[in-house]
1. Within segment 67-81, how many residues turn out to be out of contact with any strand residue (DSSP E or B) (no Cβ under 9 Å at 6 or more places or on another chain) and within 14 Å of the ligand (Cβ to nearest atom)?
2. Go through (1) touching a strand residue (DSSP E or B) at 6+ places or on another chain (Cβ under 7 Å); (2) buried (at least 24 other Cβ atoms within 10 Å of the Cβ) for Glu346 and report which single condition fails.
3. How many residues does segment 59-91 hold that are in a loop (DSSP other than H, G, I, E, B), farther than 17 Å from Phe24 by Cβ, modelled with pLDDT of 95 or more and of a type in the set (Gly, Ala, Ser)?
4. Considering only residues that are within 16 Å of the ligand (Cβ to nearest atom) and part of a helix (DSSP H, G or I), look in segment 92-110 and name the one that is nearest to Gln78 (Cα to Cα).
5. Which residues, counting only those in segment 421-454, are part of a helix (DSSP H, G or I), within 17 Å of Gly282 (Cβ to Cβ) and in contact (Cβ under 8 Å) with a residue 24 or more places away in the chain?
6. So which helices (runs of 4 or more DSSP H) stay within segment 139-256 end to end and still have 3 or more residues that are acidic (Asp, Glu) and out of contact with any His (no Cβ under 9 Å at 6 or more places or on another chain)?
7. Do we have any residue at all in segment 188-200 that's surrounded by fewer than 22 Cβ atoms within 10 Å (Cβ to Cβ), more than 23 Å from Gly133 (Cα to Cα), of a type outside the set (Lys, Arg) and touching a residue at least 40 places away in the same chain (Cβ under 8 Å)?
8. Looking only at segment 402-427, which residues are over 21 Å from Leu306 (Cβ atoms) and either under 23 Å from the mean Cα position of the chain (by Cα) or of a type in the set (Asp, Glu) (or both)?
Amino acid sequence: MTVSSAQIGVVGLAVMGSNIARNFANHGYTVAVYNRTTAKTDAFMAEFGSTGSFLPAATVEEFVASLERPRRALIMVQAGAATDAVINQLADAMEPGDIIIDGGNALYTDTIRREAEMAARNLHFVGAGISGGEEGALNGPAIMPGGPEESYRSLGPLLEDISAKVDGTPCCTHIGPDGAGHFVKMVHNGIEYADMQVIGEAYHLLRYAAGIEPAEIAAIFRTWNAGDLDSYLIEITAEVLSQVDAVTGKPLIDVIVDSAGQKGTGRWTVKAALDLGIPTTGIGEAVFARALSGARDQREATTGNLPSGQLSTLAELGVSRDDFVEDVRRALYASKLVAYAQGFDEIRAGSDEHNWNVDPRDLATIWRGGCIIRAKFLNRIVDAYNADPDVRSLLLDPYFKGEVSGLVDSWRRVIVVATRLGLPVPVFASSLSYYDSLRAERLPAALIQGQRDFFGAHTYRRTDRAGQFHTLWSGDRSEVEA
Ligand code: ATR
């Protein structure tokens, strides 16, 4: 007879699942482990069985039977159909009050559906975003659990235990009901795309506008990492740029094919933003930049084959190398602020749409450790929302406003230089346009309303009177109230 003594179980023993299971065991929990292919469970036990208290199971039924009640089963399998298959197997073997946690990168709308299906079976379903990659899974990830508040009472302490800690605070908190956790994790990944892209644009300018070699750029990034830009992504960028290829002796960056992959969370963030009507332009441009980089056939046809117009050099523009390096740092910082401001706008809109009541301070707090976008400046985001929980844009927070006032001239100069040298800066440039759009007293949207009224009688509102109006464009061009 199986003794029901595991406090938590993990289904799916690929890299992330194995590491999470080991993390729980390292924190003193007895962990039930199960994988569809038993050979993987056997291999896991052979390698790690002696490092903690594990209860391997050969079937889902045996796995469920080995868990203490209320049972807590964390699924770490491929997102999509595999997740549904495992959820249903677990649900069939479980009893009311048990908790199924999906720790994969599920689409939040799937999580909403699954939560409703499980609730109808009196089971708790928690969609939990987990960030930090393999290393984080083992040593402390950031965890974003959604699902019922009630399930967090039983599950939360375990998740908080294995999460990263910053100043003693766990990088895990209940985000909100049903799909809130996966939604927030999705936007986190979208912000990560934008953050990586702005770092990429900065590198590209230092390399191809200023002619600085990768090893020296790595040193520049290390100095940046000691200031406002202090973050995991800047830190690993310096590591990547200082790596020398063993085969060719060249900088590794020069032998890596310049086509970026993606698994889809950035794209989901943009799709959701489009549906919510939130202009996450930084994330959008970052996703498109990856798509463009991957369009190999098109790039083969276009590379060196499109007119550039007259190009300049830094020297011809009278810009010193050192000034330019500092300008690029500031442009990076400003563009990054915009990407975060937009990401938080999307989270607010998603939360309002689904009545999740997500507290943005929670996110900025738990993202400080464990996850890929961990950065010192997240503390400033916490401060901003503490000062004004309803601030209409993070860019309006007095601290960030002060920062941007010190960055904006550099930001403009960098985009001018990039343009004059013919170097692409999609997120730097679109972020500045976004910023200038927010600042603008008038937008060309007035003209768009005029055009819409002209061809489709869509009407417009006037600046000086209430109501909807239409001009009789094909008549005498007088105005009528619609
Ligand atoms: P990785 O990318 O790290 O390999 P993944 O593809 O996200 O991880 O997930 C792989 C895990 O999902 C494996 O544990 C796999 O089980 P097998 O080892 O048996 O292949 C599991 N998995 C995939 N499809 C599954 C399904 N339909 N039912 C159960 N588990 C499934």
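The values are calculated or read from the model by the stated rules, or taken from the named source; none is laboratory data. Given the structure is predicted, the values throughout are model-derived calculations rather than measurements. A quick note on method: Cβ atoms are made from the backbone with ideal geometry, for glycine too, and the neighbour counts reach across all protein chains shown.
1. So the first thing to find is which residues in segment 67-81 are out of contact with any strand residue (DSSP E or B) (no Cβ under 9 Å at 6 or more places or on another chain), and the list is 69, 78, 80-81.
So of that shortlist, the ones also within 14 Å of the ligand (Cβ to nearest atom) come out as 78, 80-81.
Residues flagged as out of contact with any strand residue (DSSP E or B) (no Cβ under 9 Å at 6 or more places or on another chain) and within 14 Å of the ligand (Cβ to nearest atom) within segment 67-81 amount to 3.
2. It fails just one condition, (1).
3. Here the count works out to 0.
4. Asp110
5. Let us first name the residues in segment 421-454 that are part of a helix (DSSP H, G or I), namely 421, 426-439, 445-454.
Filter once more, so that each one left must be within 17 Å of Gly282 (Cβ to Cβ): 426-439.
Result: Pro426, Val427, Phe428, Ser430, Ser431, Leu432, Ser433, Tyr434, Tyr435, Leu438.
6. On the way: elements: 149-162, 180-208, 214-224, 232-242.
Filter on segment 139-256 gives 180-208.
7. Checking segment 188-200: not a single residue is surrounded by fewer than 22 Cβ atoms within 10 Å (Cβ to Cβ), more than 23 Å from Gly133 (Cα to Cα), of a type outside the set (Lys, Arg) and touching a residue at least 40 places away in the same chain (Cβ under 8 Å).
8. Glu403, Val404, Asp409, Val427
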